[in-house]
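Notes follow the structure.
The values are calculated or read from the model by the stated rules, or taken from the named source; none is laboratory data. Treat the numbers as computed from the prediction; the structure is a model and nothing was measured. For neighbour counting, all protein chains shown are included, and Cβ atoms are generated from backbone atoms with ideal geometry for every residue, glycine included.
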Amino acid sequence: LVGGDLKKWSGPSTEVFSTISSTEEYKPTLLGSIPDMGEEEALDALNAALKAYDQGQGAWPTMRVKERIDCMEKFVDKMVTKRDEVVKLLMWEIGKSLPDSEKEFDRTVIYIKDTIEDYKQLDRDAAKFQKSDGVYAHIRRGPLGVVLCLGPYNYPLNETFALLIPAIIMGNTTIFKPAKHGVLLITPLLEAFQSSFPNGVVNIIFGRGRAVASPIMKTGKVDVLALIGNSKSANALQDQHPKSNRLRLVLGLEAKNPAIILPDADLDLTIDECIAGTLSFNGQRCTALKVVYVHESIAEEFNKRFAKRVDELKFGNPWENGAKLTPLPEPSKPAYIQELIDDATAKGASILNAKGGETTDNYIWPAVLYPVTKDMRVYQEEQFGPVVPIVSFSNIEEPLDDMAASNYGQQVSLFGKDVYTLAPLIDTLVNLVCRVNLNSSCQRGPDVYPFTGRKDSAQATLSVHDALRSFSVRTFVASKDN
Ligand code: G3H
């Protein structure tokens, strides 16, 4: 979708395979193909976004708030009619379970509606005049320009739209490239974008990042890079921008969120939360618990019960009732997880669960590894997949020191009961990460709460409320009391 035209593609295409199957074999199945675009199409999309931004009075950036809201409402009304198609593609393309796929879709619709409401409030606030020292002020928010938006494969709808929707409604114009996995599910929504917004406000291109995002960045004409993914891609794209110091970054990146389990933790609850935290969507969440610190006094009991629970999880196709573990969309993931397991076991860790590391076609059963130490790759790397490293500690300073030394700082889960122990610990933890989850696993939602991170984990804040601010700048009309 470029400049309002849904162009028919006749160039080279990339085939999209699903790693799930209706047979028992879980072999990749051809789902469809998508345009393999290059520099020419990428620059066409950029020019369309620039043109839509620069059209002068009444164009998208200066359009009345009510009109922009009407466009967004039209879009969301059309989007809900595509629920079944998109949910099916979420299951087929990225292997997300049916309940989680439905949740992703519904959560996105709510996100858009909440964004509209918050935007109305922002406008109401802007309508109020202030006066100080004889100067009347009308302070409002304006767009930043052209936004390049790149979404992740694990939340190809929800997280991408958490960038795209606030960027659009604030009056920016956009170029959006979906992730490699989770790309087909955007196609049922193309017509809704086309018919809801003026030409060039939303441009959607397909292709490899290097082929389409790099040429756009190199022009220096992008004002905001909005990306959820890894810092390597974000840094590379930022470096390609000739005026990168002028580029605004809205980034959601890696994390290595720990669980810290204190001696007095309620183990039933802790195990439930740690199962969900480590293995929901096979651990392919930036918010997943990626290392579990358990106090040495309860390590044996926790490990035994946790490992048993992992082996009781049901593996199956995403639509199968009760399937918690599902096929992995990235064909290279099982081999990578196997490398982490081999490295850890060679350095002294054991696999605690009987099924840990068993492979079936494109799946590898989550291995619970213990004791994990700092020299192991599974401790150092963001595994983003089904493997659970467990570290035991005797003194709370040990996990705290590790967190302080980490390159990441998104969230932590803290399990314990004694308020006199928890209260000062929470005060320390909130200065190491941006969200402390008390007796619960880490997560992004509800989407009205701030979602961000320290260090290499994020730039800017995403939530309904914060994202509107991340994609805009405060503007100010002043007049003197004379
Ligand atoms: O991958 C990162 C997502 O922000 C995780 O979102 O906590 O809602 O699963 P979630």
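Some points to look at:
- Only residues that are buried (at least 24 other Cβ atoms within 10 Å of the Cβ) and either at pLDDT below 95 or more than 19 Å from G409 (Cα to Cα) (or both) were counted across segment 282-305, and they come to 2.
- Taking every residue in segment 443-471 that is of a type in the set (D, E) and pairing it with any residue that is part of a strand (DSSP E or B) and within 14 Å of the ligand (Cβ to nearest atom), at least 6 positions away or on another chain, the pairs with Cβ-Cβ distances below 7 Å are D456/Y408.
- Qualifying positions in segment 228-281 - basic (K, R) and touching a Leu at 6+ places or on another chain (Cβ under 9 Å): R248
- Only one of the numbered conditions (1) modelled with pLDDT of 95 or more; (2) among the small types (G, A, S); (3) closer than 30 Å to T29 by Cβ; (4) more than 15 Å from the ligand (Cβ to nearest atom) is violated by A162, and that is (4).
- From I216, I275, residue being of a type in the set (V, I, T) and either part of a strand (DSSP E or B) or in contact with a Phe, Trp or Tyr (Cβ under 8 Å, 6 or more places away or on another chain) (or both): I275
- Wholly enclosed strands (runs of 3 or more DSSP E) of segment 365-482 bearing at least 3 residues of a type outside the set (G, A, S), at pLDDT 95 or above and touching a Phe, Trp or Tyr at 6+ places or on another chain (Cβ under 8 Å): 387-393
- Test: residue in segment 81-104 that is away from the ligand (no atom under 16 Å from the Cβ), among the basic types (K, R), assigned to a helix (DSSP H, G or I) and surrounded by fewer than 18 Cβ atoms within 10 Å (Cβ to Cβ): yes
- Matching option when the condition is within 16 Å of the ligand (Cβ to nearest atom), surrounded by 19 or more Cβ atoms within 10 Å (Cβ to Cβ) and closer than 30 Å to Y420 by Cα, among P318, P258: P258
- Evaluating A354 against the criteria (1) under 27 Å from T29 (Cβ atoms); (2) in a loop (DSSP other than H, G, I, E, B); (3) touching a helix residue (DSSP H, G or I) at 6+ places or on another chain (Cβ under 8 Å) leaves one unmet condition, (1).
- Filter pass, V391 being in contact (Cβ under 8 Å) with a residue 60 or more places away in the chain, closer than 23 Å to E296 by Cβ, surrounded by 20 or more Cβ atoms within 10 Å (Cβ to Cβ) and of a type in the set (A, V, I, L, M): yes
- If you filter segment 219-237 down to residues that are closer than 17 Å to G453 by Cα and within 16 Å of the ligand (Cβ to nearest atom), you find that the one that is surrounded by the most Cβ atoms within 10 Å (Cβ to Cβ) is A226.
- The number of residues in segment 343-369 being in contact (Cβ under 8 Å) with a residue 60 or more places away in the chain and surrounded by fewer than 23 Cβ atoms within 10 Å (Cβ to Cβ) comes to 4.
- No other residue among K355, K347, K333 is basic (K, R) and within 27 Å of the chain's Cα centre (by Cα) apart from K333.
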